[in-house]
Amino acid sequence: MSISKRVLLAAGVTLVIGLSSAAIAQTKGNAKSAEAATIEEGDAMMLHPRGTVHKSHVKVTAAQHEAAMRKGAREVRPGSVIYRQAGKLYMLQNGAPDFQDNFDIDY
């Protein structure tokens, strides 16, 4: 590859990285919220008592789902909000309207 092609390629890569960084910085600058994760079919996420969120790399099987349902698993309604206050985790079902000012998305 000639030097001019290398310089042009490097300039292009630098421009893309710079634009990406600027877009990320602009989004973070005045955003109230950000998408933290996507839960696809069979995905499992766990809230740790320390407040961290872990996503399993193993899909939930139908047998695991049935066992969970027998133990009392319930559907989480859209708009539910999970938050931490005074060292405890809380979940508010249908809570999006109460917390709407905390997020950049409409419910």
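No value in this document is a laboratory result; all are computed from the given coordinates. What you see is a predicted model, and the numbers here were worked out from it, not measured in a lab. For neighbour counting, all protein chains shown are included, and Cβ atoms are generated from backbone atoms with ideal geometry for every residue, glycine included.
So the values come out like this:
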| read-out | value |
| --- | --- |
| Residue count, the stretch 50-107 (criterion: among the basic types (Lys, Arg), under 30 Å from Asn30 (Cβ atoms) and out of contact with any strand residue (DSSP E or B) (no Cβ under 7 Å at 6 or more places or on another chain)) | 3 |
| Of residues in the stretch 42-94 being hydroxyl-bearing (Ser, Thr, Tyr) and either assigned to a loop (DSSP other than H, G, I, E, B) or within 16 Å of the chain's Cα centre (by Cα) (or both), the one farthest from Asp106 (Cα to Cα) | Thr61 |
